[in-house]
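Here is the structure we will look at.
The values are calculated or read from the model by the stated rules, or taken from the named source; none is laboratory data. This structure is a prediction, so every number in the text was calculated from the model and none was measured. No Cβ is skipped: glycine too gets one built from the backbone with ideal geometry, and neighbour counts run over all protein chains shown. Only protein heavy atoms, including side chains, enter the accessible area calculation; ligands, DNA and RNA are left aside. Shrake-Rupley method; radii C 1.70, N 1.55, O 1.52, S 1.80 Å.
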Amino acid sequence: MNNLLDIIKQRRSIRSFKDTPILKEVIDKLADALIWAPSAGNLQSRKFYFVTDKKVKEQLVEAALGQSFIADAPLVVVGCADLGRVKGRYENRGTTLYAPQDVAASVQNLLLVAHEQGLGTVWVGAFDEDAVSQVMKLPDTLRPVTIVPVGYPAKTPKAPPRLSKEEVITSI
Ligand SMILES: Cc1cc2nc3c(=O)[nH]c(=O)nc-3n(C[C@H](O)[C@H](O)[C@H](O)COP(=O)(O)O)c2cc1C
């Protein structure tokens, strides 16, 4: 697996993790993947929390409507839009669109590099924002956008089907 398109196609959402720890060097690669994503005006309006504390992970499970696999992952990344960084330059479009997109671009990088490193991830978007903000003690300027459990896969599901290229792409 060395071709980027293969990595993109073979990545799956993993919801079952081994408790094998992740080496510091590998975690550092994930951090690189996050910071090297593009961002609006290069403002990098995003913040990430790397959670390993068991109690905090369990609180995140509750905030994420009981998605218990979150607590099984050795590392849980919480991605937040940094509204404070973007507001001054881009106002409403910055806070509602650019900052969440900055986070999304970073997180997609993270999913791909994690997969390349043999790790599994899943992008969790279904959660109570206020509850996550409370668990993470976030300031008002940070909006939680995604929770990503990261760990070595215990089970890898089959690829869910995709719409065809013709359905998704219109050439004009
Ligand atoms: C914005 C977004 C939110 C998602 N939220 C959840 C979630 O809350 N829980 C979950 O188990 N998977 C979640 N997923 C993962 C999708 O279910 C998954 O990506 C999709 O079924 C395709 O499967 P694949 O990632 O294996 O290709 C989310 C994905 C995205 C992009």
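Quick look at the numbers
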| item | result |
| --- | --- |
| Backbone N under 13 Å from the K137 label point (7 Å along Cα→Cβ), restricted to segment 45-68 | 56 |
| 3J(HN,Hα) from dihedral phi, segment 36-53, Karplus parametrisation 6.51/-1.76/1.60, rounded to Hz, x for glycine, proline | 8, 6, x, 7, 4, x, 6, 6, 6, 7, 7, 9, 10, 10, 9, 9, 10, 5 |
| Under-5 Å amide H pairs with S16, H placed in peptide plane, nonlocal only | A154, K155 |
| Global geometry of segment 73-172, whether rounded, prolate or oblate, following the gyration tensor of its Cα atoms and the 1.5 cut on a/c | oblate |
| Nearest-20 debye value, the chain charge dipole, Cβ charges on Lys, Arg, Asp, Glu | 220 debye |
| Over 20 Å (Cα to Cα) - which of K29/K55; K9/K158; K9/K54; K55/K137 fall in this group | K29/K55; K9/K54 |
| Difference of contour (0.36 nm per residue) and Cα-Cα distance, A31 to S171 | 46.8 nm |
| At R0 = 30 Å, FRET efficiency that the Cβ-Cβ distance of S68 and L5 yields, to 0.05 | 0.35 |
| Whole-Å distance, taken between Cα centres, linking segment 58-72 and segment 126-151 | 12 Å |
| Of all accessible heavy-atom area on the chain, the percent that carbon and sulfur account for (1.4 Å) | 52 percent |
| Rounded if a/c under 1.5, otherwise prolate or oblate - segment 11-153, Cα gyration tensor axes | oblate |
| HN-Hα J in Hz across segment 101-113 - Karplus 6.51, -1.76, 1.60, θ = phi - 60°, x for Gly and Pro | 5, 4, 5, 4, 4, 5, 5, 4, 4, 4, 4, 6, 5 |
| Helix-only CD estimate at 222 nm, as mean residue ellipticity for the chain, using -39500 (n - 2.57) per DSSP H run (n ≥ 4) | -12500 deg cm²/dmol |
| Per residue, in Å², the accessible surface of the chain once ligands and nucleic acids are set aside, probe 1.4 Å | 59 Å² |
| J(HN,Hα) series, segment 122-137, from Karplus relation 6.51 cos²θ - 1.76 cosθ + 1.60, nearest Hz, glycine and proline x | 8, 7, 9, x, 8, 7, 7, 4, 5, 5, 5, 4, 5, 4, 8, 6 |
| I70 accessible area, 1.4 Å probe, all protein chains in place, Å² to nearest 10 | 0 Å² |
